[in-house]
1. Length gain on complete extension for the stretch A156 to R220, per 0.36 nm per residue less the alpha carbon to alpha carbon distance?
2. What is the order of K108, K152, fewest Cβ neighbours within 10 Å to most?
3. Within 10 Å of each residue's Cβ, count the other Cβ atoms and sort T219, T22, T150 from fewest upward.
4. How much length would be gained if the chain were fully extended between R232 and L26, taking 0.36 nm per residue of separation minus their Cα-Cα distance, in nm to one decimal?
5. I need the phi-derived Karplus couplings for the range 11-27: 6.51 cos²θ - 1.76 cosθ + 1.60, θ = phi - 60°, integer Hz, Gly and Pro marked x.
6. Quick one: which of 200-211, 32-43 comes out on top by average Cβ neighbours within 10 Å, and what's the full order, highest first?
7. Amide H to amide H, which residues 5 or more places from L68 or on other chains are under 5 Å from it, using H placed in the peptide plane?
8. Please compare each pair in K62/K117; K185/K227; K65/K114; K62/K135; K24/K185; K152/K225 to a cut-off of 27 Å on the Cα-Cα distance and tell me which ones are over it.
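Here, each number is a calculation from the coordinates, and none is a lab measurement. Since we're looking at a predicted model, the values are computed, not measured. We place every Cβ from the backbone using ideal geometry, glycine too, and count neighbours over all the protein chains shown.
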Amino acid sequence: MTTIKIDASGFRAALNRYRATTRKSLPEILNQRGLNVAGRAFDAIPPGSGGGVPSRRAKIKKYMKAKLSPRRSLLRRRKGATRGSKPQAARLERRHLIIQARRAARGKKGLYGKAMKGAAGRLSGHAQNSVGFLKSIFLPVLRGLQPFSTYKFPFAKTQNIARWAKSAGYGKVTAAREGFFSNVKFNVGTKTKSVAARPRFVVEQAWVGALAGEAAELTRHVEKKLKAEAVREAARRAA
């Protein structure tokens with residue numbers, strides 16, 4: 001298993017400066033900002049949160065079912081049909097070629113008739129349900145920190161993300177609690193059989209961008225607070 005290491009020093013520095021400007025407890029700060037970071041990472045992973053998922057699924061469905069030839073392909077004569085009768089036609093679609101190519105690469109025979117129909121349906125369904133898969137690894141983190149945060153993550157953004165048991169993705173979180181050592185711990189990951197570098201890069205970039213975005217937000221808050229204090233101090237001196 002490959003672990004992604006991300007430099008969060010900038011975020012931690014901004015968090016420490018912010019802590020000095022608020023009366024909120026450390027667990028409150030950590031849980032809220034942890035939720036914010038996870039939400040930013042969720043939004044950053046394509047497709048766009050909310051409407052982007054069904055739109056992408058529709059494109060994949062269209063791609064898979066695209067008619068590639070007007071010829072009658074993958075034919076099988078209907079059961080009970082007499083010799084010389086026309087075979088039942090099935091238009092060749094892109095998903096049919098994908099299935100045959102994959103089976104050929106594994107040294108297996110091609111599929112036809114009902115077997116092909118079933119395999120084609122499963123292929124299209126899996127491809128569509130897999131849209132936003134990398135987003136799903138953040139769902140346990142978002143759910144876990146939601147009860148401990150004042151400002152909630154809008155869960156309407158997650159309604160189109162596929163969820164299924166024993167998937168190749170996982171995520172977990174431990175919320176910060178009152179105590180001598182308070183911290184938020186969360187872990188997300190995915191197991192892939194091939195092209196693992198791509199998902200890893202996407203998740204890494206999402207984390208980096210989320211930490212940077214939240215650090216910038218913390219910095220803006222601190223600057224606004226300091227500016228307000230400077231104005232009040234100037235007013236007191238002028239009085």
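1. So the chain would gain 20.3 nm between A156 and R220.
2. Final ranking by Cβ density, sparse to dense: K108, K152.
3. Ranked by crowding around the Cβ, least crowded first: T150, T22, T219.
4. Contour length minus Cα-Cα distance gives 71.5 nm.
5. For the range 11-27, the Karplus-derived couplings read 5, 4, 4, 5, 5, 5, 5, 5, 4, 6, 10, 9, 8, 5, 6, 4, x Hz, x marking Gly and Pro.
6. 32-43, 200-211
7. For L68, whose amide H was placed from the backbone, the distant partners under 5 Å are L92, E93, R94.
8. Table pairs above 27 Å Cα-Cα are K185/K227.
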